[in-house]
Amino acid sequence: MDMLADVASWALIAVGTFFLLTGAIGILRLPDVFTRMHAAGMTDTMGAGLVLAGLCFQVEAGLVTVRLVLVILFLWFTSPVATHALARAVLHDRDLAGSASGPDGRNGGTSSKP
């Protein structure tokens with residue numbers, strides 16, 4: 001049983017690390033601020049959740065496992081809310097800046113209107 005828990009733990013940690021690395025590459029490679037937020041918001045929730053679930057299998061059942069589960073729940077609730085708040089802030093900033101924002105959502109881009 002101990003070997004099965006170790007295999008499950010390392011599988012969850014490896015898959016979670018894959019999601020985290022994919023999200024980091026997505027942040028660097030994707031062109032728009034919204035697609036970057038999507039890459040970061042989706043993959044960090046899944047990746048961190050899987051890594052923490054893998055760590056739950058590594059520790060003995062007790063207070064540490066409860067704390068890890070609470071961290072997982074905290075991430076599941078706060079990460080999507082933070083991504084949504086960031087998206088709303090970017091939309092609000094674009095509304096205030098008009099057409100002067102660049103393709104990645106930053107001000108200072110070239111405007112197509114004279």
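Stretched out fully, how many nm does the piece from L86 to L28 gain, at 0.36 nm a residue minus the Cα gap?
Stretched out fully, the L86 to L28 stretch lengthens by 19.1 nm.
Place the peptides 38-47, 25-34 in order of packing, highest mean first, counting for every residue the other Cβ atoms within 10 Å and averaging per peptide.
38-47, 25-34
Just subtract the alpha-carbon distance of L63 and V15 from 0.36 nm times their residue separation and send over the number in nm, one decimal.
Separation in residues times 0.36 nm, less the Cα-Cα distance, equals 14.8 nm.
Bear in mind that the values in this text are calculations on the coordinates, not laboratory data. Everything numeric in this text was worked out from a predicted model, so none of it was measured. Every residue, glycine as well, gets a Cβ built from its backbone with ideal geometry; the counts of neighbours run over all protein chains shown.
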